[in-house]
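To start, the structure itself, in structure tokens.
Since every read-out is calculated from the coordinates, none of them should be taken as a lab result. Everything numeric in this text was worked out from a predicted model, so none of it was measured. Neighbour counts are summed over all protein chains in view; Cβ atoms, including those assigned to glycine, are modelled from backbone coordinates with ideal geometry.
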Amino acid sequence: MRLDGKIGIVTAAGSGMGRAGALRFAREGAAVAVVDIDGASVEAVVREITDAGGRAKGIVADLTKDADSQRIVRETANAFNGLDFVWNHVGHPGPASIEGIDMRDYELAMDLNIRTVLVTTEAAIPEMRARGGGALLYTASSSGLKGSMFSPVYSAAKFGVIGFTKALAGRLARDNIRANVICPGPVDTPMLRVFVSRPDQQDTSGMDKEELVLKRGGQTPMGRPGRPEEIANAALFLLSDEASFITGAALPVDGGVTA
């Protein structure tokens, strides 16, 4: 198993890509802290892991709060006696427009895309050093590699995540702590439904939300949206020892969008 004996955290693990990752990592032998703000979703994912014979701990947390971003590291390390990896997957689409922007929406997007990532990373580094190394993984987006005219605040945040990751990769390399970032394109998740439902992305033909998801996915070179499991597979590789000489990478998993 590719994560046998490893201990890790997945944030925003209650649905979509985070859920797929938590389930996959547990199947590969990891003890997983399942972190989400939705308690019912946390409980469901933990039950699915443990029913299959895996190890998991559910942590309900509001990652807009620094104390919670730190607490998830402390509770995971205490529960499983260490920490080997963190997938900082939590994020927020942010406001669509610049004209008339509500700065509260901007602040929430920056908190969930950047601030919590920084706070959780700061807490995780000593735990990983104590284990002799580890792996940090962040979720950016194809919009962090190529600016999105529909989501400029989201693009700004995700460009920031990529820059932060590259800086960490150099800073932490001698500690045997790797830092990489995964950049999904349109993936069939609840967040994609938020993006396609914005007024400036609506098609005049009156398609419903599910049709808009298929249309957005159809605009990729591969002609479809990604599946959460496909992102989880890439995340698994970057967190595993198979990627032991990879750090500072920003890996597009986007069906060719940035190609």
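Can you give the extra length, in nm with one decimal, that the chain gains between ARG74 and ASP241 once fully stretched, where that is 0.36 nm per residue apart less the Cα-Cα distance?
Value of the extension gain: 57.7 nm.
Specify whether the C-alpha gyration tensor of the range 47-143 places it in the rounded, prolate or oblate class, a ≥ b ≥ c being the square roots of the eigenvalues: rounded for a/c under 1.5, otherwise prolate if a/b is larger than b/c and oblate if not. Can you show the working numbers first?
Values: a/c = 2.29, a/b = 1.84, b/c = 1.24.
Prolate, since a/c reaches 1.5 and a/b exceeds b/c.
Expressed as an acute angle from 0 to 90° and rounded to the nearest 10, what is the orientation of the C-alpha long axis of helix 209-218 relative to the principal long axis of the chain?
80
How much length, in nm to one decimal, is gained on full extension between ASN233 and ARG174, taken as 0.36 nm per residue of separation minus their Cα-Cα distance?
Details: separation 59, 0.36 × 59 = 21.24 nm, distance 2.69 nm.
Result for the pair: 18.6 nm of gain on full extension.
Want the number for GLU43 to LYS146: 0.36 nm per residue separation, take away the alpha-carbon distance, what's left?
Length difference between fully extended and current span is 33.5 nm.
Report the FRET efficiency, 1/(1 + (r/R0)^6), for ARG115 and ASP4, where r is their Cβ-Cβ distance and R0 is 30 Å, rounded to 0.05.
In this case the efficiency is close to 0.35.
Report the Cα centroid-to-centroid distance between the range 149-188 and the range 9-66 in angstrom, as an integer.
22
Between the range 227-247 and the range 75-148, what is the C-alpha centre distance in whole Å?
One Cα centre to the other: 17 Å.
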